[in-house]
Amino acid sequence: MSERTARFVRVGRVSDVPPGRAEVFDVEERRIAVYRLDDGFYAIDDICTHDGGPLAEGEVEGDQVICPRHGARFSIKSGAALTFPAITPVETYPVRVDGEDLFVGIAD
């Protein structure tokens, strides 16, 4: 999704998301995992496209998250499914930081 076509919704504060980890926010009937990596914040759906598992409960290795159910890996930055059993990418969302506030872009 393009930042230009997104409507940004405040989800929390920078301090809500620990470095190298994720925090899940309910945003307009979606569960979105916001990750804090060394180079910034990224947001993806908190649902494994293989079986619906909660991605934010998985381990983060670099810029990848490993689904805790069957080990599928996803790119936190692009949403790409990197290993089987997942083959479908997860939705990504733009993130903005304004002071201490975190915003996630949602399509209108």
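Nothing in this text is a laboratory measurement; each read-out follows from the coordinates by a stated rule. For clarity, every value in this text was computed on a predicted model and none was experimentally measured. Every residue, glycine as well, gets a Cβ built from its backbone with ideal geometry; the counts of neighbours run over all protein chains shown.
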Inset, instruction - Answer with yes or no whether Asp39 is of a type in the set (D, E, K, R) and within 9 Å of the chain's Cα centre (by Cα). - result: no
Inset, instruction - Could you identify the single residue in Asp45, Asp16 that is in contact with a Leu (Cβ under 8 Å, 6 or more places away or on another chain), within 18 Å of Glu100 (Cβ to Cβ) and in contact (Cβ under 8 Å) with a residue 40 or more places away in the chain? - result: Asp16
Legend entry - Residues that are within 21 Å of Asp16 (Cα to Cα) and aromatic (Phe, Trp, Tyr), drawn from segment 67-108: Tyr93, Phe103
Legend entry - Total residues in segment 1-41, condition farther than 17 Å from Ile76 by Cβ and in a loop (DSSP other than H, G, I, E, B): 3
Legend entry - Residues of segment 51-96 satisfying the condition of being farther than 23 Å from Gly12 by Cβ and among the basic types (Lys, Arg): Arg69, Arg73
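Before we move on, is Thr92 farther than 19 Å from Arg7 by Cα, in contact (Cβ under 8 Å) with a residue 24 or more places away in the chain and among the polar types (S, T, N, Q)? Spell out the reasoning first.
Numbers: farther than 19 Å from Arg7 by Cα: no; in contact (Cβ under 8 Å) with a residue 24 or more places away in the chain: yes; among the polar types (S, T, N, Q): yes.
Spelling it out, it is not the case that Thr92 is farther than 19 Å from Arg7 by Cα, in contact (Cβ under 8 Å) with a residue 24 or more places away in the chain and among the polar types (S, T, N, Q).
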Inset, instruction - Inspect all residues belonging to segment 26-40 and state whether any of them is out of contact with any Phe, Trp or Tyr (no Cβ under 6 Å at 6 or more places or on another chain) and aromatic (Phe, Trp, Tyr). - result: no
